[in-house]
1. Is the C-alpha gyration tensor of the stretch 21-60 telling us rounded, prolate or oblate? Criteria: a/c under 1.5 is rounded; beyond that, a/b larger than b/c is prolate, otherwise oblate.
2. Please work out the Cα center distance from the stretch 114-141 to the stretch 29-83, rounded to the nearest Å.
3. For the stretch 81-89, what does the Karplus curve 6.51 cos²θ - 1.76 cosθ + 1.60, with θ = phi - 60°, yield as ³J(HN,Hα) per residue in whole Hz, taken in order and with x for Gly and Pro?
4. Which cross-chain or sequence-distant (5 or more) residues have an amide H under 5 Å from the amide H of G114, H modelled 1.01 Å from N in plane?
5. Pull up all non-local amide H partners of T55: gap of 5 or more, or a different chain, and H-to-H distance under 5 Å with H placed in the peptide plane.
6. Can you give the helix-only mean residue ellipticity at 222 nm for the chain, where every DSSP H stretch with n ≥ 4 adds -39500 (n - 2.57) and the sum goes over all residues, rounded to the nearest 500 deg cm²/dmol?
7. Roughly how big is the chain's charge dipole about its Cα centre, with Cβ charges of +1 (Lys, Arg) and -1 (Asp, Glu), in debye to the nearest 20?
8. List the aspartates and glutamates whose alpha-carbon lies under 20 Å from that of K78, not counting same-chain residues fewer than 8 positions away?
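The values are calculated or read from the model by the stated rules, or taken from the named source; none is laboratory data. Computed from a predicted structure; not experimentally measured. Counting neighbours? That spans all protein chains shown, and the Cβs are built from the backbone with ideal geometry, glycine included. When the accessible area is computed, the model is the full protein with side chains, heavy atoms only, and any ligands, DNA or RNA have been set aside. Shrake-Rupley method; radii C 1.70, N 1.55, O 1.52, S 1.80 Å.
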Amino acid sequence: MKSEVRLKRKIFGFEHGNFSPSLQTREQFLAQIEKAKKELGESVKTIFAPSVEFTNTVAEFGQNDDIFAPWLIRTKIKADAGITEKPGVAIAFFNADCPIICLHQDEKLAVIHGGYRCLMRENRDEPGILEVTAQDFDSAKTKAF
C-alpha cells in the first residue's frame, strides 16, 4: 500500500524578519533564509525560490537553476510558479502581499505566486499562471490549497 505524501507548510512574515533579496546585502539575506530553513526541519535540504516578476512562467526544480547558495536555488529566468517532485525541496517566494497557491498530486508539488497580474494577464489571449501550472496536473487527483 502506497503511503500518502505529507506536506509541511509554513508561512513566514514580517515577524520572522526581512526576506526581501533587494533590500539587504547578500549575506544578510542568506542569514535570514538560513534561519527560516532551520524552522522547516531537517527533512528540508534545499529551498527552491523562483525569481518572481508577474509572469505566467513555471520553473521546474533542476532545470535552468541558478545556485545562490548550496541549499538555496533561484531561477535564472523570471518565473511565478515553481514545481518539484523531489523530496526534501521546499518552494519559496519572496513576494509582498500576493497570495500563494499550492497544487499537490502524488509526489508533485507546485507553488504559485498568485499576484493579480500573474492570474489575469494584460493580454486576454494569454493564459494566467494558474492555467499554465495546472496543465501539469490531473484535476481529479490534485489537491489545492
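1. Details: a/c = 3.34, a/b = 1.26, b/c = 2.66.
Note, shape of the stretch 21-60 comes out oblate.
2. 20
3. Residue by residue, the stretch 81-89 yields 8, x, 9, 8, 10, 8, x, x, 10 Hz.
4. Amide H to amide H, under 5 Å and 5 or more residues apart or across chains, G114 pairs with I100, I101.
5. Long-range HN contacts for T55: D80.
6. Using -39500 (n - 2.57) per qualifying helix, the result is -4500 deg cm²/dmol.
7. Using only the charged Cβ atoms, the result is roughly 400 debye.
8. E53, E60, D65, D66, D97, E122, E126, E131, D136
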